[in-house]
Amino acid sequence: MSKPAHPRPLKDNEARAILRSVRISPQKLNLVAETIRGKTASAALAELTFSKRRIAVQVKKVLQSAIANAENNHQLDVDRLIVAEAHVGKSFQLRRFHARGRGKSASVVKPFSHLTVVVRERDDKKKADAAKAA
């Protein structure tokens, strides 16, 4: 007896990749995630390739992983993929201290984050049908 299979949390035309416990604050990671939301996969890759932010390299790897998942696991067309979601979540925080003058100390918080990228195959048929109806 095994557990029943969980239903797939995504739609049939979606694929995702997750980056967990990356050492950057969620606020800084969200600045990079904002730049790729809603763009085509190729435009998002180009945006991340030329970004000056340090974390853009890791975000690009996650996006490439999501694209590969869509192509290999779900047989989606790579040329029609868009970045449907790119959301950032908080992870744990390392708490350290910094020695200060006169025997005092100050706390140092080192935040970690999670990143989830969902790519979706856009449906050109609906747009074509809407254009014909109009």
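Readers should treat all values here as calculations from the given coordinates under stated rules, not as data from a laboratory. Note that the structure is predicted; figures quoted are calculated from it, not measured. All Cβ positions, glycine included, derive from the backbone under ideal geometry; neighbour counts span all protein chains shown.
Side notes on the structure shown:
- Springs between Cα atoms under 10 Å define the GNM used for the chain, and in it the highest mean-square fluctuation of Asp124, Asp12, Asp79 occurs at Asp124.
- Packing-based exposure ordering (other Cβ within 10 Å, fewest first) of Leu45, Leu115: Leu45, Leu115
- Farthest toward positive dipole pole in the stretch 1-64 [+1 Lys/Arg, -1 Asp/Glu at C-beta], among Met1, Ser25, Asn13: Ser25
- Gaussian network model of the chain, Cα within-10 Å springs - most flexible of Ser42, Ser91, Ser107: Ser107
- Two-site FRET efficiency, Arg53 against Lys104, from Cβ-Cβ distance with R₀ of 41 Å, rounded to 0.05: 0.75
- Dipole of the stretch 14-133 [Lys/Arg +1, Asp/Glu -1 at C-beta], most positive-end residue of His114, Ser42, Leu63: His114
- Across the cross-link table entries Lys28/Lys61; Lys39/Lys60; Lys61/Lys110; Lys39/Lys110; Lys28/Lys52, which are compared at the Cα atoms, the separations over 19 Å belong to Lys61/Lys110; Lys39/Lys110.
- Max mean-square fluctuation residue, GNM over the chain, Cα-Cα springs under 10 Å, options Lys52, Lys60, Lys28: Lys52
- Here the relative contact order of the chain, from alpha carbon pairs under 8 Å that lie six or more residues apart, stands at 35 percent.
- Separation of the stretch 1-36 and the stretch 41-100, taken as the distance between their Cα centroids, equals 10 angstrom.
- Mean Kyte hydropathy of 0.5 or more with a Cα span along the axis of at least 15 Å, helices from DSSP in the chain: none
- For the stretch 1-100: rounded, prolate or oblate by the Cα gyration tensor [a/c cutoff 1.5]: oblate
- The charge dipole of the stretch 14-133, taken about the Cα centre with unit charges on the Cβ atoms of Lys, Arg (+1) and Asp, Glu (-1), comes to about 1180 debye, rounded to the nearest 20.
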